[in-house]
Number of protein chains: 2
Amino acid sequence: MKRHILLAGLACACVWAGPSASEQPPADCKPNVLNIPGAPYPCVYPDNRVTFRVVAPDAQKLRVRLGQGFDMSKETDGLWYVTTTPQVVGFHYYTLSIDGAVVADPATRTFFGSGFYNSAIEIPEPAADSDYYSLKDVPRGVVRQRWYQSKVTGNWRRAYIYTPPDYDTNTKAKYPVLYLLHGWGENEQGWHVQGHVDVIMDNLIAEKKAKPMIIVMDNLNTVKPGESAALYHARGAITQAVPEPPPPPGAAPAGRTGGPGRGGRGPMVSNVFTEMMLTDLIPMVERTYRAAPGRENRAMAGLSMGGAQTFGTALSNLDKFAYIGGFSGSGGGRGGFDPKTSNGGVFADAAAFNKKVKVLFLGIGSAEGPGTKTFSEQLTQAGIKNIYYQSPGTAHEWLTWRRCFKEFAPLLFRQVN
Amino acid sequence: MKRHILLAGLACACVWAGPSASEQPPADCKPNVLNIPGAPYPCVYPDNRVTFRVVAPDAQKLRVRLGQGFDMSKETDGLWYVTTTPQVVGFHYYTLSIDGAVVADPATRTFFGSGFYNSAIEIPEPAADSDYYSLKDVPRGVVRQRWYQSKVTGNWRRAYIYTPPDYDTNTKAKYPVLYLLHGWGENEQGWHVQGHVDVIMDNLIAEKKAKPMIIVMDNLNTVKPGESAALYHARGAITQAVPEPPPPPGAAPAGRTGGPGRGGRGPMVSNVFTEMMLTDLIPMVERTYRAAPGRENRAMAGLSMGGAQTFGTALSNLDKFAYIGGFSGSGGGRGGFDPKTSNGGVFADAAAFNKKVKVLFLGIGSAEGPGTKTFSEQLTQAGIKNIYYQSPGTAHEWLTWRRCFKEFAPLLFRQVN
């Protein structure tokens, strides 16, 4: 299958090559929606194959690193091409390897993942499936870039704050707040840039499927003065000439296809983040925005490492959060779960837990393995109410997390008086 | 000089190389502030030389393209290094050429300029000089990402809207509005990402040097349905294998060092942008934000091509704008200026013009040539009041434009009753 497809790709490339090397790709190969304006490549065929083209006149070996690698070939027009096998729908980070240098493709916008700015393609879904994250003519909220000072980290930090469509006009209203975290190697831009969380939320609110809320997106990577930002160092290795270490335990690489057993297993929880969040972030938000007070107006969720962080922070502070979500990451599922002792014994008294936690949500892509489902079943077995959602056909990637968010957001703040 | 510096750089590289290739640079070479977290290179010496390091094990030829090009050398640790000549202070886009492929350096954040995502270094100024664009403990406004529908272009457009620190609390106040444009090959993110306009404005407001205002940053590249985004195609060429054409007349490439005669000469003015702005953008802003009405509460400014656009739009619509600024771009200065006929004769009646236009501001970097100064003198000769500002020692780059903005903003909306 793969070989057949690759050959088909080369055949196409030969057809294009000729005196006019600026020819456009075949009409049925549509430019990736994440390309820079005017760039025809990479392009996506109706069957989800992707053709890449790169200008590298003196290079010896080019490879597209898109989950697996695809070697490129230099065609008669002097350009490098490859057509991949059909890709699954959704958002995929990728890089080029140019004679061993791993870099972004200049043809696309760049996205912070794995600790640096990657390229990306978006394999489109059928219109009906992507409707919930598509721009539509509905009232629209905004995403605000907010700088604030942190006493805990001793520096300026940047958060992005979504406010719902009526925030600026309904000036007496107070809104509940969701704190929403990115994954390993990503940053505070992930949810609105890669995840389209603002678009999803606007659409849900317009359909009255979710309550208007404030969403706070901050950076999980938090260190005290003098400490190094160790979580980033793995990918920083590409510019530092040290072997790229495996991701930290429980922190599946963002945007890579997750194998079985991925999904934020194991605790990679930053106590510094928790301290910063409780000391600096939440007070800043509640001082600056019209945030409704109290635990039943606060939710916390995150993806992958951000899911593990959510469980770490929120389960230790149930006086502050009543809604909890982990998307491909929860801190559970590794086995050895004991409701009496795990997570500091927070699950030991199921009735008390269920009374306090209004929603405990566990989401996962179906290609990510059984860990999260197992954890959900263990919780259910222990009498802990929880909601398990499985995204069909998706892996450890942003489409899983958009879908998780779409399922999770409507459950929030429904039980508040 | 250059050769001496290059040799010094190589000597340094040799010193670092050894069994541990992950060694950090010399203590006096400080990581570029625009690096991704944890990346030690590129780093900047006290004398403003920059050392770059790239991992490209199988490459034959590497070059840093930073204004001029600097060839890299593969050292005994297998990595590529170069140390440049001393660079001028401020923000500089750069790219790598890896065996002929022009790409961003994975070691830095990426910035949209020349139509794609470049790397960049920031050569720091002395603290006293950079104070005005440094994060300080003052009340802070926010930059809001705002999607809106355009009837003129038939699609969704994205603007960034700065609102001042008291906007959310002083809920009865209305604010004047500055429409602020980026340069060729850049986009609506340029002013707050590369330009730090929000930080500058917060600092000016805190010192009571500027009036609180809304700042609207939109994308200059505007086409009607079915038209192609031609302005981007020049740099898109890198991925399209056609020779990179020169920038359009009057549109100096963003971020490149401007030679004499640069500075937005010649009219590269989009009538579609003007139509979109008047039909869609201004009404959206005045419907959505607490914008004070009327021409004396509206200013327009831009850099390079955005300055030419500002002159094109505002001088044709003086019933809508009372404050006008061009930073390294104004549409004037080419010679052949005739106050009776140029710009549709808007300068013919100097007294009437001076009464209408409260501020006409022309800014330029001292390294950009005499065109803007000549234009200012021509205007003065014709009796047109204008303010000329020259940024010492800077070229066609963001430091010139940060400084222009710092000089321009305090002049705005002072004569409003």
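The values are calculated or read from the model by the stated rules, or taken from the named source; none is laboratory data. Here the structure is a predicted model, which is why all the values come from computation and not from measurement. Cβ: placed from backbone, ideal geometry, glycine included. Neighbour counts: every protein chain shown.
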> For B:Phe112, which of the numbered conditions (1) within 11 Å of chain A (Cβ to nearest Cβ); (2) at pLDDT below 95 fails to hold?
Replying inline: (2)
>> Take the conditions within 19 Å of the chain's Cα centre (by Cα) and at pLDDT below 95 and apply them to B:Gly331. Does it pass?
In response: yes
>> I need the full set of residues from segment A:23-46 which are of a type in the set (A, V, I, L, M, F, W, C) and either within 14 Å of chain B (Cβ to nearest Cβ) or more than 19 Å from A:Thr95 (Cβ to Cβ) (or both), in order please.
In response: A:Ala27, A:Cys29, A:Val33, A:Leu34, A:Ile36, A:Ala39, A:Cys43
>> Of all residues being more than 12 Å from every other protein chain (Cβ to nearest Cβ), touching a residue at least 24 places away in the same chain (Cβ under 8 Å) and not hydrophobic (A, V, I, L, M, F, W, C) in segment B:204-226, which is surrounded by the most Cβ atoms within 10 Å (Cβ to Cβ)? Just the residue, please.
In response: B:Asp218
>> Suppose we filter segment A:86-109 for residues that are farther than 21 Å from A:Gly365 by Cα and either facing chain B (nearest Cβ under 7 Å) or outside any strand (DSSP E or B) (or both); how many remain?
In response: 11
> Identify, please: which residue in segment B:115-132 is farther than 18 Å from B:Ala395 by Cα and buried (at least 16 other Cβ atoms within 10 Å of the Cβ) and is, among those, farthest from the other protein chains (Cβ to nearest Cβ)?
Replying inline: B:Tyr132
> Taking segment B:70-85 as the region of interest, how many residues are modelled with pLDDT under 95 and away from chain A (no Cβ under 11 Å)?
Replying inline: 1
> In segment B:281-316, which residues are of a type in the set (Val, Ile, Thr) and either farther than 17 Å from B:Phe405 by Cα or not in a helix (DSSP H, G or I) (or both)?
Replying inline: B:Ile282, B:Val285, B:Thr288, B:Thr313
> Which members of segment A:294-314 meet the condition of being touching a residue at least 24 places away in the same chain (Cβ under 8 Å) and more than 22 Å from the chain's Cα centre (by Cα)?
Replying inline: A:Arg295, A:Glu296, A:Asn297
>> I need the full set of residues from segment A:166-177 which are within 12 Å of chain B (Cβ to nearest Cβ) and buried (at least 18 other Cβ atoms within 10 Å of the Cβ), in order please.
In response: A:Tyr167, A:Asp168
>> Considering only residues that are under 14 Å from B:Phe353 (Cα atoms) and buried (at least 24 other Cβ atoms within 10 Å of the Cβ), which ones fall in segment B:289-320?
In response: B:Phe311, B:Ala314
> How many residues does segment B:47-69 hold that are more than 8 Å from chain A (Cβ to nearest Cβ) and in contact with a Cys (Cβ under 9 Å, 6 or more places away or on another chain)?
Replying inline: 4
> Got a number for residues in segment B:344-386 being under 21 Å from B:Glu296 (Cα atoms) and not hydrophobic (A, V, I, L, M, F, W, C)?
Replying inline: 7
>> Let me confirm something: among A:Gly336, A:Gly331, A:Gly344, which residue is part of a loop (DSSP other than H, G, I, E, B), of a type outside the set (S, T, N, Q), at positive phi and surrounded by fewer than 19 Cβ atoms within 10 Å (Cβ to Cβ)?
In response: A:Gly336
>> For B:Lys356, only one of the following conditions fails: (1) modelled with pLDDT of 95 or more; (2) under 24 Å from the mean Cα position of the chain (by Cα). What is its number?
In response: (2)
> Restricting to segment B:140-154, what's the tally of residues that are more than 9 Å from chain A (Cβ to nearest Cβ) and within 26 Å of B:Pro225 (Cα to Cα)?
Replying inline: 5
> within 13 Å of another protein chain (Cβ to nearest Cβ), in contact with a Gly (Cβ under 9 Å, 6 or more places away or on another chain) and over 17 Å from B:Gly195 (Cβ atoms), is that true of B:Asp137?
Replying inline: no
> Identify, please: which residue in segment B:2-36 is under 24 Å from the mean Cα position of the chain (by Cα) and crowded, with 19+ Cβ neighbours inside 10 Å and is, among those, modelled with the lowest pLDDT?
Replying inline: B:Ile36
>> Against the conditions (1) within 12 Å of chain B (Cβ to nearest Cβ); (2) at pLDDT below 90; (3) crowded, with 19+ Cβ neighbours inside 10 Å, where does A:Gly250 fall short? Just the number, please.
In response: (1)
> Any idea how many residues of segment A:374-417 are at positive phi and basic (Lys, Arg)?
Replying inline: 0
>> Checking the conditions here, which among A:Arg109, A:Arg158, A:Arg140, A:Arg144 is surrounded by fewer than 16 Cβ atoms within 10 Å (Cβ to Cβ) and within 23 Å of the chain's Cα centre (by Cα)?
In response: A:Arg158
> Got at least one residue in segment B:33-53 being closer than 21 Å to A:Gln60 by Cβ and small (Gly, Ala, Ser)?
Replying inline: no
> Residues A:Ala409, A:Ala367, A:Ala395: which one is under 20 Å from the mean Cα position of the chain (by Cα), surrounded by 15 or more Cβ atoms within 10 Å (Cβ to Cβ) and part of a loop (DSSP other than H, G, I, E, B)?
Replying inline: A:Ala395
